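Bear in mind that the values in this text are calculations on the coordinates, not laboratory data. Treat the numbers as computed from the prediction; the structure is a model and nothing was measured. Counting neighbours? That spans all protein chains shown, and the Cβs are built from the backbone with ideal geometry, glycine included.
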């Protein structure tokens, strides 16, 4: 059975690696998967380190992993070495201590799904996504202490955090390899909506000078062609 996690045990203790999509094969269709993860997690005691590099994946799989890690008796240290985006950022919130590499990033956004059907089906999906979002806000709120409205707005905008900004907003505790956490360089934060609007504003306004009608072509024929190309 393929797994999206991997355990390594050495003299330093146990290390859990998440690298890639969460539940890239299945988390729910195979009931053994969550049970197996829980069994491996609890197969030994002591503190664990969790290395996380994932663009996200199944939100419910991430929720289960989050809860299992929060329930674990030992200390859980989450270390983000690349990207903790989407559902992976939820898993990160389970750490007793969250540390980012200085070149790592974190991203939070609204949950999404694919659905088809009649209007009632779509309305049900909208309500479901709203409730899922509220559950994710719970994890972010408990970790950061930020107002729910601010977290919700960040998710709406699809917000990306540098390591410094993740620490500043409470999504992480410190940065790897930084000798003095009080003097780290200024980080950056951006969201998809702002970037998109900025790019649109910078795009030059297209100027079109209509050519003279071709011989034998009426003005109405030329305008029809322009409308089709617009």
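Can you tell me the length gained on complete extension of the stretch residue 8 to residue 29, counting 0.36 nm per residue apart and subtracting the Cα distance?
Details: separation 21, 0.36 × 21 = 7.56 nm, distance 2.63 nm.
Full extension from residue 8 to residue 29 adds 4.9 nm.
Quick one: Cα centre-to-centre distance for the stretch 113-130 and the stretch 40-70, in angstrom?
Cα centres, the stretch 113-130 to the stretch 40-70: 29 Å.
Give the shape of the stretch 1-136 as rounded, prolate or oblate, defined through the alpha-carbon gyration tensor: a ≥ b ≥ c are the square roots of its eigenvalues, a/c under 1.5 means rounded, and otherwise the shape is prolate if a/b is larger than b/c and oblate if not.
Working: a/c = 2.22, a/b = 1.67, b/c = 1.33.
Prolate, because a/c is 1.5 or more and a/b exceeds b/c.
Can you tell me the Rg and Dmax of the stretch 1-59, counting just the alpha carbons, in angstroms?
Expressed in Å, the Cα Rg and Dmax of the stretch 1-59 come to 11.9, 36.
Can you list the residues of the stretch 52-80 with backbone N under 20 Å from a point 7 Å past the Cα of residue 19, pointing along Cα to Cβ?
Output list for this probe position: 52-58, 77-80.
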